1. Has the range 58-69 got any residue that is within 19 Å of the chain's Cα centre (by Cα) and not in a helix (DSSP H, G or I)?
2. Quick test for you: out of 53, 12, pick the one residue that is modelled with pLDDT of 95 or more, in contact with a strand residue (DSSP E or B) (Cβ under 9 Å, 6 or more places away or on another chain) and not hydrophobic (A, V, I, L, M, F, W, C).
3. Just the residues that are under 20 Å from residue 23 (Cβ atoms) and surrounded by fewer than 11 Cβ atoms within 10 Å (Cβ to Cβ), please, taken from the range 70-109.
4. Conditions: (1) in contact (Cβ under 8 Å) with a residue 24 or more places away in the chain; (2) assigned to a helix (DSSP H, G or I); (3) within 25 Å of residue 23 (Cα to Cα). Residue 46 meets all but one. Number of the miss?
5. Could you tell me which residue of the range 85-114 is modelled with the lowest pLDDT, considering only residues that are over 20 Å from residue 59 (Cβ atoms) and either in a helix (DSSP H, G or I) or among the charged types (D, E, K, R) (or both)?
6. Do any residues in the range 79-105 that are touching a residue at least 40 places away in the same chain (Cβ under 8 Å) have Cβ atoms under 7 Å from those of residues that are surrounded by 16 or more Cβ atoms within 10 Å (Cβ to Cβ) and among the small types (Gly, Ala, Ser), where the two are at least six apart or on different chains, and which pairs are they?
Amino acid sequence: MSPSDSPTPSMPERLFLGRYERGVDRKGRITLPAGMREALGDEEAIITKGLDPCLVLVPRSTFDVWRQKVNALPMGQRSARDLRRHLFSSAARVSPDGMGRINIPSHLLAYAGLDGAAMVIGMDSHVEIWNAERFAEVDRRIADNAIDQEAWDMLDF
C-alpha cells in the first residue's frame, strides 16, 4: 500500500463561518454565535491554543481526527513533541451553557490576551477566538497583501 492509498481520517461535516465581535466577561466566558452553536450541536467541544496567538475551538470528533494525525508524527522529533505539548497540555473540554456561553480557562485567556473585546472567527472545521486588536492586525496584513497568486494556485482550481 502506498502512502496515498493509506486511509486518512476524514473530518465530520461541519461548517463554521463568519466573524463576530464578542466580549469576554469577568468570569472568562464568551457567547458563541448562534450559527456556530448550531454547527456544534450537542457535541462536546475542545478548546486549546492555536498555532497563532489565538484559541481554537473544535468539536470533539474533529479534535479526535487532529489527535490521530498528531499522534502519528515521529515522537523522536522535537518539533512533533512540542506540537503535541502545545495542543494537548492546554486543551480543555467545554460545552455551551443555556445562554450559549463557554467558560475559557484562565491559562488560555492569558495565552490569547483575552480580557475584553474578542473576535470569533469561523474557519470551516473549527473556530478561532482572537483578541480583537490582534485580529485587526492580522486582518490588515491580509488586506494589505491580498491573497497572492501562490495561494490560489494551491487550490488547484
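The values are calculated or read from the model by the stated rules, or taken from the named source; none is laboratory data. Predicted, not measured: the structure shown is a model, and the values here were computed from it. Heads up, the Cβs are rebuilt from the backbone with ideal geometry, glycines too, and the neighbour counts pull from every protein chain shown.
1. The answer is yes; a qualifying residue exists.
2. One residue alone meets the criteria, 53.
3. Hits for the range 70-109 are 98, 99, 106.
4. With (1) in contact (Cβ under 8 Å) with a residue 24 or more places away in the chain; (2) assigned to a helix (DSSP H, G or I); (3) within 25 Å of residue 23 (Cα to Cα) applied to residue 46, the lone miss is (2).
5. This residue is 85.
6. Within 7 Å, the pairs are 94/45; 95/45; 103/28; 104/28.
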